[in-house]
Amino acid sequence: MMVIRRFSPSDIRAVMDIVKSSLGETYPPSLYLTLHNIWEDGFMVLEEDGRIVAFVAAVESEKQVARILMLAVLREHRGRSLGTMLMKALHAKCIANDIHTIKLEVRKSNKTAMSFYERQGFAVTGEIENFYVNGEGAYVMTKIIDN
């Protein structure tokens, strides 16, 4: 059974493992607590049979604007629309919180993610050079929410 729920501090280890295996990044546990404290509604995990297999972390970055900082699905669970399920849940949280725009950054080389976000209604609205630690640039993608 699949359940999308709000992130809890007890989920840190599972989320860190997903970030490491799916995004190739390692962040301190304090980062996840900070994200949770900034906007609890924007940090959600997707559990399947009691195991966290995907998550989305977003913050309200400015008035009526949410920014997705991370979205990841374990490799063995990809291709099952779990990312789409999380995006729909985030969309609903945005509407409930009077947020009209969602933004994110995506690696210029990550064509799979760009295609996913385009299917979710995002469009490239800018770019940032040297955005990632390795020097890679990012595209800024934006979605305007229609209530």
Listed by chain and number, the lysines with an alpha carbon less than 21 angstrom from that of Lys63, same-chain partners under 8 positions apart left out, are Lys88, Lys93, Lys103, Lys143
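Is there a quick way to get the dipole size of segment 2-144? I mean about its Cα centre, with the Cβ of Lys and Arg at +1 and of Asp and Glu at -1; what is the value in debye to the nearest 20? The partial results should precede the final answer.
Working: 18 positive and 17 negative charges, 64 e Å.
Using Cβ point charges on Lys, Arg, Asp and Glu, segment 2-144 gives about 300 debye.
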Plugging the Cβ-Cβ distance of Gln64 and Tyr27 into 1/(1 + (r/R0)^6) at R0 = 35 Å yields, to the nearest 0.05, a FRET efficiency of 0.85
Residues whose modelled amide H sits under 5 Å from the amide H of Met70, counting only those 5 or more places away in sequence or on another chain, are Ala57
Percent relative contact order for segment 1-133, counting Cα pairs under 8 Å at least six residues apart, stands at 20
Distance in Å, no decimals, from the C-alpha centre of segment 4-47 to the one of segment 96-147 is 19
Diffing segment 125-142: the Karplus 3J(HN,Hα) column from phi (6.51, -1.76, 1.60, θ = phi - 60°), in whole Hz with x for Gly and Pro, holds 10, x, 8, 10, 6, 6, 6, 8, 3, 7, x, 5, x, 10, 9, 8, 10, 9
Stretched fully, the stretch from His100 through Glu127 gains (0.36 nm per residue minus C-alpha distance, one decimal, in nm) 7.6 nm
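At 0.692 mPa s and 37 °C, plugging the Kirkwood radius over alpha-carbon pairs of the chain into Stokes-Einstein gives what diffusion coefficient in µm²/s? Each step should come with its number before you reach the end.
On the way: Rh = 15.5 Å.
Diffusion coefficient, whole number: 212 µm²/s.
Just so you know, all these numbers are worked out from the coordinates, no wet-lab data involved. Since we're looking at a predicted model, the values are computed, not measured. When we count neighbours, we look across all protein chains shown, and the Cβ atoms used for this are built from the backbone with ideal geometry, even at glycine.
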